[in-house]
Amino acid sequence: MERFHQKVVYQIYPKSFCDTNGDGIGDLNGVTEKLDYLKELGVDEIWLTPFFCSPQRDNGYDVADYESVDPMFGTMEDFDRLVTEADKRGMGIMLDMVFNHTSTAHRWFQKALQGDPEYMNYYIFRDAPAHTPPTNWVSKFGGSAWEYVPSLKKWYLHLFDVTQADLNWENPRVREELKNVIGFWKQKGVKGFRFDVVNLISKPEVWEDDTQGDGRRFYTDGPHIHEYLKELTRDTGIDEMITVGEMSSTSLDNCIRYSNPREKELSMCFSFHHLKVDYKDGQKWVLTEPDYAELKRLFRTWQEGMERGGGWNAVFWCNHDQPRIVSRFGDEGTYWKESAKMLATAIHLMRGTPYIFQGEELGMTNAGFQEIASYRDVESLNYYRILQEEGKTEEEALTILGARSRDNGRTPMQWNAGPHAGFTQGEPWISVTDNYETINAEAERRDPDSIFHYYQKLIALRKQLPVIAEGGIRFLETGMPDVMAYVREDGTDTLLVVCSFAGEERIVTSMGETWAEDPEAAEMILANYGDGGESSVLRPFETRVYRKMK
Ligand code: TEU
Ligand code: CA
């Protein structure tokens, strides 16, 4: 078994996790202070999003010095102490490497701006007339993906914010610099790495306008991506660690190659297709109801496809870029607890390594801010403007932001019912969601029926039953678009996982070998309603897990 198949990773956005010095910003000492909480939950690895020196234009994904701790998060000694304390509790620290781009405040880019040809070749500068970008590509944060530098009479590429300049991975000097960054953090005891939008690093040989889209088809899963990943892994020796690639708009075939151990590229991949079933025609900023039939189809394609190809999925719902899943695909009201537990079951028993984003284990919900002053995210602030330029009213724009903004996942962790949910003694950099008096860690640790304790059970189950980490997976036809069922099996154990995404009852008639009709043949080992209920009726958002020993 691969060392990470039984593990569960917890993602921390330090800025919103726990503030220990009263400046309203979460810090590394806040993470250290909460390690016992994470140990109680039962997670194995802790992924920290970037805390390196940064102008914070994209909350740290605009890195100005890769081998540093930004003073707002603390000191390098604070980091060393965090690694030591996590290690004492058997937990590893995973860092987030933003290698597709640096901040324009990085000294490399500053040297490039001064016209130093060596450092200009660290980035992607192109000649083109002052008012005509080299291509018509669109930044993921809106606007052109190119910025003109009059003093150089050249444009530079930025697939994200204008202050995030794309690195030129064709330049061996760049690749050596980034390998040294990996080496720096490895020797500090880091146990794993997440690579940010890593499948965008290989740019095309030919630069041309995209007449069919925003340009992503030219730079996504680019011509040398697999070579670069093999070289990075080989030359830094990270194949012994847990590595995960964030793959933007990628394909199943590429993710099999990225994560099949034979390829010696990465341990696993994040893909996002399942988190676009509520995008209208793939457009994030156009609201539509989730298409659960498509959600099931995607899970089946990726789960069964990655098993066939020997790849490995990172399975997740939430992160710092996504709205809170209980608000998005579950129910914030009557069935808040049941739907949060169902959503957790749906992915934790799949084939792959589960990731829990801070607060997801509490059922934290979207903030849904309805005034622009509450927003902090550069992408959201850009689209608040863009949507109104496209003719939306301010109210319509705020309704869309309330559902889609990345700030929904960045509100402070809700620790208790005290001021600012116990996140800070100061003024938080972003408002706390107003339901913290009922949704918080202290309340849920006291409630045996809480979402927190349900996540504990799921994490423990992955360690108790090898079939979860190692078994095969097969999806069943339930005959209903919003009821998902799959079987996990190995030589000795078989599980049946049934999840209803519906807000009302569903009658279960046929699901092949479900054993629901013959409860004696199988034992129900997990459920989100107190009692076993009627085997042929699924209550709103009901989930049940049956086990049959061969
Ligand atoms: O995210 C890349 C990414 O695909 C998302 O930002 C997505 O494109 C965006 O939310 C639009 O839906 C990674 C990081 O997770 C994100 O926080 C950074 O902003 C981005 O890369 C640039 O580094
Ligand atoms: Ca702080």
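Derivation of every value follows stated rules applied to the coordinates shown; laboratory data play no part. Quantities reported herein were computed from a predicted structural model and do not represent experimental measurements. We place every Cβ from the backbone using ideal geometry, glycine too, and count neighbours over all the protein chains shown.
Compared with the dominant principal axis of the Cα atoms in the chain, helix 172-186 is inclined by about 50°. Take the Cα of THR334, step 7 Å toward its Cβ, do the same at THR84, and the gap between the two points is 5.5 nm.
Treating only the Cβ atoms of Lys and Arg (+1) and Asp and Glu (-1) as charged, compute the dipole magnitude of the chain about its Cα centre; round to the nearest 20 debye.
With Lys and Arg at +1 and Asp and Glu at -1, about 1080 debye.
Over all directions, the projected convex hull of the C-alpha atoms in the chain averages 24.4 nm² in area. Stokes-Einstein, applied to the Kirkwood radius of region 296-357 over Cα pairs at a viscosity of 1.567 mPa s and 4 °C, places its translational diffusion at 103 µm² s⁻¹. Simple spin-label estimate for ASP116 and GLU67 gives 1.5 nm between the two label positions (7 Å along the Cα-to-Cβ direction from each Cα).
Rounded to the nearest 0.05, what FRET efficiency is calculated for GLU77 and GLU371 with R0 set to 35 Å and r the Cβ-Cβ distance? The partial results should precede the final answer.
Details: r = 40 Å, r/R0 = 1.13.
Efficiency, from the Cβ-Cβ distance: 0.30.
Computed over every Cα-Cα pair of region 411-548 and binned at 5 Å starting from 0, the pair-distance distribution P(r) comes out as 2, 9, 15, 16, 14, 13, 9, 9, 7, 3, 1, 0 percent. Length gained on full extension, ARG173 to GLU389, computed as 0.36 nm times the residue gap minus the Cα-Cα distance: 73.6 nm.
When MET120, MET247, MET364 are ordered from fewest to most other Cβ atoms inside 10 Å of their Cβ, what list results?
On the way: MET120 21, MET247 25, MET364 30.
Sorted ascending by nearby Cβ count, the order is MET120, MET247, MET364.
Extension gain for the segment PHE184 to ALA460, taken as residue separation times 0.36 nm less the Cα-Cα distance, is 96.0 nm to one decimal. With both residues required to sit in the chain, DSSP beta bridges show an antiparallel share near 60%.
Between TRP207 and GLU263, how high is the FRET efficiency from 1/(1 + (r/R0)^6) when r is the Cβ-Cβ distance and R₀ = 41 Å? Nearest 0.05. Mind dumping the intermediate values first?
Details: r = 28 Å, r/R0 = 0.69.
Once the sixth-power term is evaluated, E becomes 0.90.
Compute the distance from the alpha-carbon center of region 245-297 to that of region 97-161, in whole Å. One Cα centre to the other: 28 Å. When only alpha carbons are used to place a centre, region 177-234 and region 307-346 end up 27 Å from one another. Spin-label model, LYS153 to THR509: label points 7 Å out along the Cα-to-beta-carbon direction sit 7.4 nm apart. A straight Cα-to-Cα reach below 18 Å connects LYS392 with the lysines LYS280, LYS284, residues fewer than 8 places away in its own chain not being considered.
Counted by neighbouring Cβ atoms within 10 Å, the residues VAL83, VAL162 run from fewest to most as VAL162, VAL83. Taking a ≥ b ≥ c as the square roots of the eigenvalues of the Cα gyration tensor, region 103-222 is oblate, since a/c reaches 1.5 or more and a/b is not larger than b/c. Close amide-amide hydrogen proximity is noted between TRP137 and ALA145, ASP210, each under 5 Å apart and 5 or more residues distant or on a separate chain (H modeled in the peptide plane; Pro and chain starts excluded).
What pairs from LYS463/LYS548; LYS39/LYS191; LYS154/LYS203; LYS15/LYS179; LYS7/LYS191; LYS7/LYS276 go past 20 Å between their alpha carbons?
Result: LYS15/LYS179; LYS7/LYS276 exceed 20 Å.
The ranking of CYS318, CYS499 by Cβ neighbour count inside 10 Å, starting from the fewest, reads CYS318, CYS499.
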